[in-house]
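Below is one structure, written out as structure tokens, with a few remarks after it.
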Amino acid sequence: MTDVLEKKKTLEQSASTVCLSRRQMMRSLGLAAFAASSWSKLGWAVAPLNWPLWTVEGHGGKIFFTGETPARRIVWKDARIESLLPNCSALWTETNLNRHQDVQVLIKQYGVDESKPLLSKLTERDQGRLAEAAKLAQVPLDSLVQYRPWFAAFTVEQAYYAAMNLPEAGTAEKVLMPMAKNDGIAISSEFPAIDDLVAFMGGSSTAEDVQYLQYTLDHILDGAEKNEDIYSRWARGDMSGAERMVARMKSSQPAMYDKHVIGRNGRWVPRIDEMLKSPKPALVVVGLYHVAGPDSVLARLREHGLKVTAV
């Protein structure tokens, strides 16, 4: 009984400190305000220019649209895109740090399953892959025992970024958000509050839940070198690596693909329709895997009859 109570205490403590989005922990620690010059002083390289950028036009309006990579050892910087922001009506991102409920309440409701241990939901192969990823991330496997697969994925991936010294504060979203805030530009998000993100993940079916963890394990176990090759190609305008990743997701994790690619990408269309009604353009930043492949946001916008042009 004492052992159970200790595990529950450890779980609650972990839930209170772990980040609720793969792209949120560094900003919650106050690091997102670093300018590119600060990163240079810390020894980080600055990403090259010519980041992929598109315009979307329709209904008499225009927006700017780009994708961002996960955390890298290179801080994002693109003078073209940064110079657009002061004249934009809004910056749109996937997630933010607005919150209505306490973190522990959210995690207990949506991220914890006390009735069935995590490993019992996984195949023997995925149990081994999780153990390998947890070791790389320096996360005790026992600390994940009561987590649902999606929350175990969030926890391990965030810890992996920290263990590999991959600063999420250097991503495009995290660089642009403080700039927008300083300029008084509205910031809106696909998930208006952390509550919405956690509820979305918590609403996953069993297959979607497990496949999200499988997808995250794929990403971690691919290794930093392979992932960086995809991101550096992307930075040069080569989408081939990202497209292969999306194709693998569609083949290996079809339920997750339907929820996170088909579903989420489709819901950007009415949002962008509304943005196009503004007299000033908006700037939209989403993850690069939402911009690659046949079901990308850009593809859905074209199907909707909007004009999409690479800049």
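The values are calculated or read from the model by the stated rules, or taken from the named source; none is laboratory data. Note that this is a predicted model, so its numbers are computed, not measured. Glycine gets a Cβ as well: all are built from the backbone with ideal geometry, and neighbour counts include every protein chain shown. Areas reflect the complete protein model, heavy atoms only, side chains present, ligands, DNA and RNA absent. Shrake-Rupley method; radii C 1.70, N 1.55, O 1.52, S 1.80 Å.
Details
- Calculated FRET value between Asp102 and Ala163, using beta carbons and R₀ = 22 Å, to 0.05: 0.20
- Rolling a 1.4 angstrom probe over the protein heavy atoms with all chains in place gives region 246-311 an accessible area of 41 Å² per residue.
- Potential lengthening of the chain between Lys116 and Ser188 amounts to 22.3 nm, from the contour at 0.36 nm per residue minus the alpha-carbon distance.
- Rolling a 1.4 Å probe across the protein heavy atoms gives region 159-198 an accessible surface of 33 Å² per residue.
- For the peptides 154-163, 103-112, residues were scored by their other Cβ atoms within 10 Å and the scores averaged per peptide; the highest-first order is 154-163, 103-112.
- Computed in the context of the full set of protein chains, the accessible area of region 90-164 at 1.4 Å probe radius has 50% of its extent on carbon or sulfur.
- For region 55-174, projected area of the alpha-carbon convex hull averaged over all directions, nm²: 10.8
- Amide H contacts of Thr171 (H built 1.01 Å from N, under 5 Å, at least 5 apart or other chain): Trp76
- With a threshold of 32 Å on the Cα-Cα distance, the over-threshold entries among Lys181/Lys307; Lys116/Lys181; Lys135/Lys259; Lys174/Lys307 are Lys116/Lys181.
- For region 164-229, the alpha carbon convex hull comes to 121 Å³ per residue, rounded to a whole number.
- Values of log10 I(q)/I(0), in the order q = 0.19 Å⁻¹, for region 176-298 under a Debye, Cα-only, solvent-free model: -1.24
- Note on region 113-257: Kirkwood hydrodynamic radius from all Cα pairs is 16.9 Å, rounded to one decimal.
- Other-chain or far-sequence residues with amide H under 5 Å of Gly287's (modelled H): Glu68
- Computed over region 132-190, the range of Cα coordinates on each principal axis works out to 45, 24, 12 Å, biggest value leading.
- Ordering of 83-94, 190-201 by burial proxy (mean other Cβ atoms within 10 Å per residue, highest first): 190-201, 83-94
- Vicinal HN-Hα couplings computed from phi for region 78-95 (Karplus, 6.51 cos²θ - 1.76 cosθ + 1.60; Hz; Gly/Pro x): 8, 4, 4, 6, 4, 6, 6, 4, x, 9, 9, 6, 6, 10, 10, 10, 7, 9
- Spin-label pair Gln109/Glu124, simplified geometry with 7 Å Cα→Cβ offset, distance in nm: 4.0
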